[in-house]
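Below is one structure, written out as structure tokens, with a few remarks after it.
Read the figures in this text as sums done on the coordinates, not as results from a lab. Note that the structure is predicted; figures quoted are calculated from it, not measured. Methodologically, a virtual Cβ is constructed for each residue, glycine included, from the backbone with ideal geometry; neighbour enumeration extends over all protein chains shown.
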Amino acid sequence: MDKASPNPASIRRTSPNPASIRRTSPNHFDTLAMHLGEDAYHESLVVHNDAAYWLTRTPNGKRLQLVSALAERLEAFEGRAEPFQDGTIKTCPLSDGNAAALRRALPWLTPRPLGLTISAGFGDRLGLATPGHVRAMERAGDGIAPIFAQQSIREMTRTKRSPTDVMTDATWGAFEAGWRTNLGADADHLKTPADIDRCVAAGFSFYTIDPGQYVDDEAHSAGAALVQEKVAALPWNELAGSPADLQQRYGGKVLRLNDRRLTIEPEGLWRAAAKYGRAVAHVTKLYRHLLSKGIAFELEVSVDETATPTSPLEHAYIALELTRLGVRWISLAPRFIGGFEKGVDYLGDLSALRADLAAHNAVMRTLGPYKLSLHSGSDKFSVYPLIAEATGGLLHLKTAGTSYLEALRVTARHAPAFFREILALARERFEVDRASYHISAQLSQVPDPAALSDYMLPGLLEDNDARQILHVTFGSVLDHYKGELLRLLDEHEEAHYEGLAEHFIKHLQPLVRYS
């Protein structure tokens, strides 16, 4: 199951300067530096295959500009063409079609499988955060492979974005910031074949299958008789076997897991099958559907959004059964012990978590190797050193809503009256919007925004209750205020990017020594 690929961070990004452009092609690019001007994003400037590409700001928004003397370089892009020296300059909108053309022209912007390299996913609910994520990677992510385009189907629905929107925004963001090496794109928490089809069409490379609705948490503590009933009722045709086959394959088997042994006792085996058998069948079904698309991809299996922890034996059951059924995956997200709630640090006993991580790592390395994936990974600052050490870098970190919270931090600092409106709506919508999340925030612990002075507002982004309430109400907030919020972040673009960079550096630094 080793899918190791060349380390995408082994070649660091270099940002061409005007002198290097002149040396590259003096006939077409010798006055390009003067043409760029102060409105250009100089980090974006790149020369490739006899064309120069960069991003610039205009009164009508950001635009792609490219210069070439070759018609075939220009024809792929929609835009306005004008003569430039002995070539042509073309000014193009940041459309879906032009983003796809840019990925074809600059192949490092095309998402691809990343292999067993330690990796990090940067969720972006607003479509503006990628340049800040790139800054964090440049400063602290050496050896870590990034996934800039990442959003779950649930979040796409709530933000009214499509898979293509997510891909397009990440493409322009990575290009703007001058990213020059490999990247991935995560179609996150997929549940149906239709979800997969939409993301394949958009060009994603990493597919996270979420079979959480098929995990039977009742089996975790049910009596033996009920467990047996649940096992008998499993979809055995889809699992290509029977209870007798299962018992023959694994009953009493001893797995030698590096520094420990795991004996698969019958009771634990039946409970694991009752709890995860339907999930295994669902993952297998979606994997085969994805395989039929004929694309290069990596699969992640996620059982983290469940009420009960995944034991090492249950982890082994999932891995053994998926392998038997022909499924290949690059990472797996168990439900670890303790509290992995949205937007806050770990809630629980860190010494117990350390032991749990070591046990899951032993299963992963023996039955893989593949990566352990840390979901709800935003702001788990006490966990990063533990999981990086336990896995030795066979790790994928997944973050999502913390980038949105950093956008709200900018709002609190620069538009306090607007932030009060957002917080008031979040308080109003919290009890409804929290339904699909496992969180412990208490509305009573978050003050009425009208009672707070302006200088106190940014401090709410350090408060666990306020962070979670703001985190889970993003859909309602964006329904009301998305346009205004995007305009504010555009106006304070540098503060937004720098805040994201500083925040994500703290996520990445504990992982780098294992990259």
Original post:
Which of the trypsin sites (Lys or Arg not before Pro) found in region 299-359 are in a DSSP loop and have at most 16 neighbouring Cβ atoms, other than their own, within 10 Å?
Top reply: R328
Subject >> Cα gyration tensor, region 399-515 - rounded (a/c under 1.5), prolate or oblate >> reply: oblate
**OP:** Distance from a point 7 Å along Cα→Cβ of D490 to each backbone N in region 81-106: keep the residues under 14 Å and list them by number.
**Re:** 93-95
**OP:** Straight distance only, please: which lysines reach the Cα of K62 with their own Cα at less than 23 Å, same-chain residues fewer than 8 apart left out?
**Re:** K90, K160, K482
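Name the shape class, rounded, prolate or oblate, that the alpha-carbon gyration tensor gives for region 111-402, where a ≥ b ≥ c are the square roots of its eigenvalues, rounded holds for a/c under 1.5, and otherwise prolate holds if a/b is larger than b/c and oblate otherwise.
Here region 111-402 falls in the prolate category.
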**OP:** DSSP loop (so not H, G, I, E, B), at most 13 other Cβ within 10 Å: list which trypsin sites (Lys or Arg not before Pro) in region 139-194 pass both filters.
**Re:** K160
Original post:
Where the centroid of each part is defined by its Cα atoms, how far is region 119-148 from region 476-515 in Å?
Top reply: 10 Å
**OP:** Would you mind counting up the charge near T130? Only other residues with Cβ under 9 Å from its Cβ, with Lys and Arg at +1 and Asp and Glu at -1.
**Re:** -3
**OP:** Would you mind working out the magnitude of the charge dipole of the chain relative to its Cα centre, with +1 at each Lys and Arg C-beta and -1 at each Asp and Glu C-beta, to the nearest 20 Debye?
**Re:** 1340 debye
**OP:** Find me the longest stretch of the chain that has none of the exposed GluC sites (Glu not before Pro), where exposed means in a DSSP loop (not H, G, I, E or B) with at most 16 other Cβ atoms within 10 Å.
**Re:** 239-515
Original post:
Among the trypsin sites (Lys or Arg not before Pro) within region 209-314, which fall in a DSSP loop and have no more than 15 other Cβ atoms within 10 Å of their own Cβ?
Top reply: K253, K293
Subject >> FRET E, pair I505, Y455, Förster distance 30 Å, beta-carbon r, rounded to 0.05 >> reply: 0.75
**OP:** Could you tell me what percent of the DSSP beta bridges with both partners in the chain are antiparallel, to the nearest 5?
**Re:** 50 percent
**OP:** Please compute the net charge surrounding Q509, taking Lys and Arg as +1 and Asp and Glu as -1 over other residues with Cβ under 12 Å from its Cβ.
**Re:** +1
Original post:
Do you know the relative contact order of the chain, to the nearest whole percent, from alpha carbon pairs under 8 angstrom that are 6+ apart?
Top reply: 15 percent
Original post:
Can you pick out the pairs among K253/K371; K285/K371; K230/K342; K191/K230; K191/K293; K275/K506 whose Cα atoms lie more than 26 Å from each other?
Top reply: K230/K342; K275/K506
Original post:
Are there any helices in the chain, counted as whole DSSP H runs, that stretch 24 Å or more along their axis by Cα and score at least -0.5 on average by Kyte-Doolittle, and if so which?
Top reply: 266-291, 350-367, 416-433, 493-512
**OP:** Can you grab the distance from the C-alpha centre of region 340-369 to the C-alpha centre of region 249-264, Å, no decimals?
**Re:** 19 Å
